[in-house]
Amino acid sequence: MLSPARRIQLLCLPHAGGSAVMYHAWRARLAEVAEVRPVDLPGHGSRRREPPAQDIGALARALAAELAPGIGGPYALYGHSFGAVVAFELAHRLSELTGPPVALIVSGRNSPRTPHTLPPLYDAPAAELLRGLRTLDGSLPAIEDSPELLDLFLPPLRADLRMTETYRRPARLPLLSCPVHVFAGDLDPIVDEAGLAAWAAETTGPCRVGTLRGGHMVTGSTELSAAIADVLTAKV
């Protein structure tokens, strides 16, 4: 195992409705190469009592101010789906405060320049929204069967979905200088080859696109964590 001083900090941003808990298993999987720092967003997980964010740019600015003091060496960013866009914006904010990351790693999301093409779910009736989640392997039976849990889960989920489904890349953002690594399941219904390749337009550095076995929710895949370990090992 690398010494703590040489391991990269990996800041992990969750998908819509998700929390830091989804990345706890990565601490062991990536312990050889990274210090995994799962990030909870307002309204989620350990921050569930806070109002959920309504704007990705404002969210990224707030997260950067919170996270920057704890970054004392090389760091990378990872985000899945909605979290990919948050990680993208956060990479810009942290670059201003601490210097650029060694890599931006994203999965399950077309580039920030690619409009969301599927019918939006953020304002759909609850039953329709839950059906949409099931098509993305994102259903939560324990929550779906409990009206009380649904009342807690749906508002922050809708806020996240609205942000990602209506996102428009700010024209003022400069290009990143770090490598960008893009991953997606080969059966993911919300990405396409052109949209994934368009991430290359966001950086002056290299951009690599990789395909994994699976659908949209690939964050639990050992294939993904192994690929991320390879990316980070190359940066050490």
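Comparing the stretch 1-87 with the 2.2 N^0.38 Å rule of thumb, its C-alpha radius of gyration ratio is 1.09 (two decimals).
Largest first and in whole Å, the equivalent-ellipsoid semi-axes of the stretch 173-222 read 23, 11, 8, each the square root of five times a Cα gyration tensor eigenvalue. Counting 0.36 nm for each residue step from Ala124 to Leu173 and taking away their Cα separation leaves a gain of 14.5 nm.
Helices in the chain, meaning DSSP H runs of at least 4 residues, each add -39500 (n - 2.57). Divided by all residues, the mean residue ellipticity at 222 nm is -11000 deg cm²/dmol. Only Lys, Arg, Asp and Glu carry charge here, each on its Cβ (+1 for the first two, -1 for the last two); on that basis the chain has a dipole of about 660 debye about its Cα centre. Loop-located trypsin sites (Lys or Arg not before Pro) in the stretch 11-75 (DSSP state not H, G, I, E or B) with no more than 12 neighbouring Cβ atoms inside 10 Å: Arg49.
In square nanometres, what is the average projected area of the Cα convex hull of the chain?
11.9
Each Lys and Arg adds +1 at its Cβ and each Asp and Glu adds -1 at its Cβ; summed about the Cα centre, the stretch 1-94 shows a dipole of about 180 debye.
Dipole magnitude for the stretch 68-206: about 580 debye, using +1 per Lys or Arg Cβ and -1 per Asp or Glu Cβ, origin at the Cα centre.
Comparing Cα centroids, the stretch 174-203 and the stretch 93-122 end up 9 angstrom apart. Placing dummy labels 7 Å off each Cα toward the beta-carbon, the span from Ala200 to Glu223 is 2.3 nm. Per residue, the average separation of C-alpha pairs within less than 8 Å and at least 6 apart gives the chain a relative contact order of 21 percent. Rounded to the nearest Hz, the phi-derived 3J(HN,Hα) couplings of the stretch 123-134 under the Karplus curve 6.51 cos²θ - 1.76 cosθ + 1.60 (θ = phi - 60°) are 10, 6, x, 3, 4, 5, 4, 5, 4, x, 5, 5, where x marks glycine and proline. When the convex hull of its Cα atoms is viewed from all sides, the stretch 112-199 shows a mean projected area of 7.1 nm².
Relative to the present Cα-Cα distance, how much length would full extension add between Glu96 and Ala25 at 0.36 nm per residue of separation?
Going from the current span to full extension adds 22.5 nm.
For Gly185, the residues 5 or more places off, or on other chains, whose built amide H falls under 5 Å of its own are Gly108, Leu212. Phi angles across the stretch 108-113 convert, under the Karplus curve 6.51 cos²θ - 1.76 cosθ + 1.60 with θ = phi - 60°, into 3J(HN,Hα) values of x, 8, 5, 5, x, 8 Hz, Gly and Pro given as x.
Could you work out the Kirkwood radius for the stretch 41-176, taking every pair of different alpha carbons, averaging 1/r and inverting it, reported in Å? In the stretch 41-176 this quantity evaluates to 16.1 Å.
Any read-out appearing in this document is the output of simple, stated calculations on the displayed coordinates, not a laboratory observation. Note that this is a predicted model, so its numbers are computed, not measured. All Cβ positions, even for glycine, are placed from backbone atoms using ideal geometry, and neighbour counts span all protein chains on display.
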